[in-house]
Amino acid sequence: IYTIGEVSKKIKLSEKTLCKLFDSKIIDGYLIPVSEDRRIPKSCLDRFSEKYNVPFNTPIYGTCEVSKILGIYKKYVSRLFDSGKLGGFRFSDSHHRMIPHNSLIYFVKNNKKYYHLVESVENLKEL
C-alpha cells in the first residue's frame, strides 16, 4: 500500500496530479478516515499502469512542460501529440496529454528541427 508521495516518486507524476487522478477515480484507492490521506494498493497501481500504459521510474511531462523544453507553443505540442508525432497517453475523461521521457527523446532524435535538443532532453532524466 502506497501513499500519494510514494506513488509520485514511483511513476514520476506530481502529487497534485495524482490527487486529481485519485479524486476523479482514474486511479483507485481509499481514504484514511479522519485524516483524509489517500492510499493506493499495489494492485490498483498495477491496474492503472497497465490500463494507461504508464511507465514506472521514468519522468512524465504535460504539454506545458514539453512546450517549455522544446521552446514551442503548448497548442503546437497538443497538435504533435494528437497527430501521433509525439507519443504519450491520455487518461479517459481527461483532456490532459501525458508524454513519457522516452517518447520525448524519441521525438527529438527523429525530428531534424529539434535534434539539437537531444543532449539536454536526455539529461532531464537526471533532474
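The values are calculated or read from the model by the stated rules, or taken from the named source; none is laboratory data. This structure is a prediction, so every number in the text was calculated from the model and none was measured. Note that each Cβ is placed from the backbone with ideal geometry, even for glycine, and that neighbours are counted across all protein chains shown. Ligands, DNA and RNA are stripped out before the accessible areas are found, and what is left, the full protein with its side chains, is counted by its heavy atoms. Shrake-Rupley method; radii C 1.70, N 1.55, O 1.52, S 1.80 Å.
A few notes on this one:
- The listed residue being touching a residue at least 24 places away in the same chain (Cβ under 8 Å), in contact with a Pro (Cβ under 9 Å, 6 or more places away or on another chain) and closer than 15 Å to THR17 by Cα, out of PRO55, PRO59: PRO59
- Breaking point among (1) in a helix (DSSP H, G or I); (2) open to solvent by less than 60 Å² (accessible area, probe 1.4 Å), for GLU6: (2)
- Of the residues screened, LYS75 is not one that is assigned to a loop (DSSP other than H, G, I, E, B), under 24 Å from HIS116 (Cα atoms), at pLDDT 90 or above and not hydroxyl-bearing (Ser, Thr, Tyr).
- Take the conditions (1) open to solvent by 20 Å² or more (accessible area, probe 1.4 Å); (2) in contact (Cβ under 8 Å) with a residue 40 or more places away in the chain; (3) not β-branched (Val, Ile, Thr); ARG38 misses just one of them, which is (2).
Let's see how each residue does on (1) more than 23 Å from GLU122 (Cα to Cα); (2) among the acidic types (Asp, Glu):
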position: ASP28; (1), (2): yes, yes
position: ARG47; (1), (2): yes, no
position: ASN57; (1), (2): no, no
position: VAL66; (1), (2): no, no
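- So LEU18, is it in contact (Cβ under 8 Å) with a residue 40 or more places away in the chain and either in a loop (DSSP other than H, G, I, E, B) or not hydroxyl-bearing (Ser, Thr, Tyr) (or both): no
- Selection of the stretch 78-107 for residues being at pLDDT 90 or above and touching a Leu at 6+ places or on another chain (Cβ under 7 Å) yields LEU80, LEU86, PHE107.
- Scanning the stretch 83-93 for any residue that is assigned to a helix (DSSP H, G or I) and surrounded by 18 or more Cβ atoms within 10 Å (Cβ to Cβ) turns up nothing.
- Complete set of residues in the stretch 94-123 that are in a helix (DSSP H, G or I), out of contact with any Ser or Thr (no Cβ under 8 Å at 6 or more places or on another chain) and open to solvent by less than 60 Å² (accessible area, probe 1.4 Å): SER103, LEU104, ILE105, PHE107, VAL108, TYR114, LEU117, VAL118, VAL121
- Of residues in the stretch 47-66 being out of contact with any Ser or Thr (no Cβ under 9 Å at 6 or more places or on another chain) and over 14 Å from SER8 (Cα atoms), the one most open to solvent (accessible area, probe 1.4 Å): GLU50
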